[in-house]
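Remarks on the structure that follows.
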Amino acid sequence: MRRPALACLALAALAVAATSHAQTQAPLKVGLMLPSTGTFAALGDMIERGFKMHVEEQGGKLGGRTIQYFKVDDESEPSKATDNVNKLIKRDNVDVIVGTVHSGVALGMARAAKESGTLLIVPNAGADAITGPQCAPNIFRSSFSNWQPGYATGVVAAGKGYKRAMTITWGYAAGLETVKGFTEAFEKGGGKVMKDLTLPFPNVEFQPLLTEIAAQKPDVVFAFFAGGGAVKFVKDYDAAGLKRSIPLMGSGFLTDGTLEAQGASAQGLITALHYGDNIETPRNTAFRNKFAVTYKVNPDVYAMQGYDAAQMLAAGLTAVKGDMGKKDALYAAMKKAQIDSPRGKFTLSAQHNPTQDFYIREVKGNYNVVTGVAVKALADPGRGCKM
Ligand code: PHB
């Protein structure tokens with residue numbers, strides 16, 4: 001009686017091993033949920049290029065698995081986020097989701113990822129809640145929390161001795177949370193935010209708000225805009241004659257990936273961000289050269305974040321030899337990885353958000369030139385995360 005039972009057990013073990021082997025041989029399905037239309041379209045494109053470039057550098061494989069891509073255009077439209085992410089989770093049955101740019105869309109994605117247990121790597125959207133109250137073992141970010149660049153820019157503005165600031169942004173999570181970070185640091189440094197101006201995302205009717213800034217005459221204006229909206233804002237600020245009289249600062253998205261279109265209007269603007277064009281390390285130089293040769297365009301912060309999303313996934317997959325079933329080991333390896341990023345090496349906070357240096361940058365020609373460090377190793381406070 002014992003022999004058949006043992007044989008059964010052995011067969012079952014073989015079957016399990018065979019299934020696991022088959023699963024680690026099949027292509028790994030990566031769902032890219034990014035905007036390819038709207039004001040953030042160029043940002044989504046750069047993230048995808050960066051991600052794919054790292055995969056190509058690894059011979060098209062991560063952890064021994066070839067990569068198969070599935071794509072959804074999220075249009076930066078929060079109301080469609082759940083339906084869109086479920087196309088990847090339920091229809092395409094992807095192993096990992098990479099996305100997105102817009103904080104409101106990313107919050108919907110994080111909810112769906114938490115419910116389904118699908119691995120999510122956020123390559124831009126800074127919504128504080130993703131590595132705060134909505135944090136989860138299967139949710140990681142390769143970019144920043146909105147609080148971080150806002151806070152870093154506030155440190156720089158206060159350091160310049162400005163006392164009275166006005167802020168201007170789109171009235172959604174990214175804008176509001178970035179302004180909150182700015183205000184926290186600026187007021188801690190002795191300044192006062194007199195007034196916050198907002199308009200709905202992705203509107204670009206800035207004129208009435210610029211008129212109000214001209215009337216109030218603050219020492220400095222802090223702005224969060226990005227993509228197409230940032231191009232228009234910087235040009236309008238200049239055209240209104242404000243650039244000459246009231247210094248404009250912003251988190252670095254205001255001038256990243258936008259400089260050719262902004263032209264003279266952006267020259268001299270000072271921002272803070274976790275990347276700059278001329279970080280002179282062998283790692284960044286190699287990244288920039290390879291990107292320029294591959295895509296015939298210079299990389300920006302978004303390309304770098306996409307590249308690092310792939311590096312984070314690679315760190316996890318290598319540790320489990322491509323076996324996505326070993327979730328605990330996969331997440332543990334991602335969590336403890338030190339990522340050799342073009343921005344400089346970084347690690348993740350307990351809530352899975354990069355702890356990283358924020359640079360002071362000044363626009364010179366078509367480059368955001370690093371002139372100093374705003375805050376070293378800035379960690380998001382991760383408020384409200386229980387994991
Ligand atoms: C966001 O919505 O979180 C967001 C969008 C564009 C950026 C940065 C943050 O450049």
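Scanning region 147-170 for residues that are free of Cβ contacts under 8 Å to residues at least 60 places away in the same chain and within 12 Å of the ligand (Cβ to nearest atom), we see that the one that is surrounded by the fewest Cβ atoms within 10 Å (Cβ to Cβ) is 170. Reported count of residues in region 181-190, each being buried (at least 18 other Cβ atoms within 10 Å of the Cβ) and out of contact with any Phe, Trp or Tyr (no Cβ under 6 Å at 6 or more places or on another chain), is 2. What do you reckon, is residue 88 touching a strand residue (DSSP E or B) at 6+ places or on another chain (Cβ under 7 Å) and not small (Gly, Ala, Ser)? Yes: the conditions hold for residue 88.
Residues of region 171-201 that are within 16 Å of the ligand (Cβ to nearest atom) and among the β-branched types (Val, Ile, Thr): 178, 179, 198. Quick check: is even one residue across region 114-122 among the small types (Gly, Ala, Ser), in contact (Cβ under 8 Å) with a residue 12 or more places away in the chain and within 20 Å of residue 42 (Cβ to Cβ)? No, every residue in region 114-122 fails to be among the small types (Gly, Ala, Ser), in contact (Cβ under 8 Å) with a residue 12 or more places away in the chain and within 20 Å of residue 42 (Cβ to Cβ). Residues of region 36-88 being over 21 Å from residue 294 (Cα atoms), hydrophobic (A, V, I, L, M, F, W, C) and away from the ligand (no atom under 16 Å from the Cβ), which ones? Within region 36-88, 70, 72, 88 meet the criteria. Among the conditions (1) of a type in the set (D, E, K, R); (2) free of Cβ contacts under 8 Å to residues at least 24 places away in the same chain; (3) under 30 Å from residue 26 (Cα atoms), residue 323 misses just one, which is (2).
Of the residues making up region 278-306, those that are farther than 20 Å from residue 40 by Cβ and within 16 Å of the ligand (Cβ to nearest atom) number 0. Residue 38 - would you say it is assigned to a loop (DSSP other than H, G, I, E, B), closer than 22 Å to residue 297 by Cα and modelled with pLDDT of 95 or more? For residue 38, the condition - assigned to a loop (DSSP other than H, G, I, E, B), closer than 22 Å to residue 297 by Cα and modelled with pLDDT of 95 or more - is met. Contact annotation: residue pairs with Cβ atoms under 8 Å, 6 or more positions apart or on different chains, pairing a residue in region 243-259 that is in contact (Cβ under 8 Å) with a residue 12 or more places away in the chain with a partner that is acidic (Asp, Glu) and within 14 Å of the ligand (Cβ to nearest atom), are 256/300; 257/300. Residue count for region 109-141 under the criterion of being within 13 Å of the ligand (Cβ to nearest atom) and either of a type in the set (Ser, Thr, Tyr) or buried (at least 24 other Cβ atoms within 10 Å of the Cβ) (or both): the result is 12.
If the condition is being within 27 Å of residue 45 (Cβ to Cβ) and assigned to a loop (DSSP other than H, G, I, E, B), then region 219-231 contributes 225, 226. Picking from residues in region 304-320 that are in contact with a Phe, Trp or Tyr (Cβ under 9 Å, 6 or more places away or on another chain) and of a type in the set (Gly, Ala, Ser), the one that is farthest from residue 25 (Cα to Cα) is 306.
Within region 202-260, the set of residues being within 12 Å of the ligand (Cβ to nearest atom) and among the acidic types (Asp, Glu) comprises 256 only. Within region 89-108, the residues that satisfy the criterion of being part of a helix (DSSP H, G or I) and either touching a helix residue (DSSP H, G or I) at 6+ places or on another chain (Cβ under 9 Å) or within 15 Å of the ligand (Cβ to nearest atom) (or both) are 89, 90, 103, 104, 105, 106, 107, 108. Restricting region 270-313 to residues that are of a type in the set (Asp, Glu) and within 26 Å of residue 234 (Cα to Cα) leaves a set whose member that is surrounded by the fewest Cβ atoms within 10 Å (Cβ to Cβ) is 277.
The values are calculated or read from the model by the stated rules, or taken from the named source; none is laboratory data. Bear in mind the structure is a predicted one, so any value in this text is a computation, not a measurement. Note: ideal-geometry Cβ built from the backbone for every residue, glycine included; neighbour counts use all protein chains shown.
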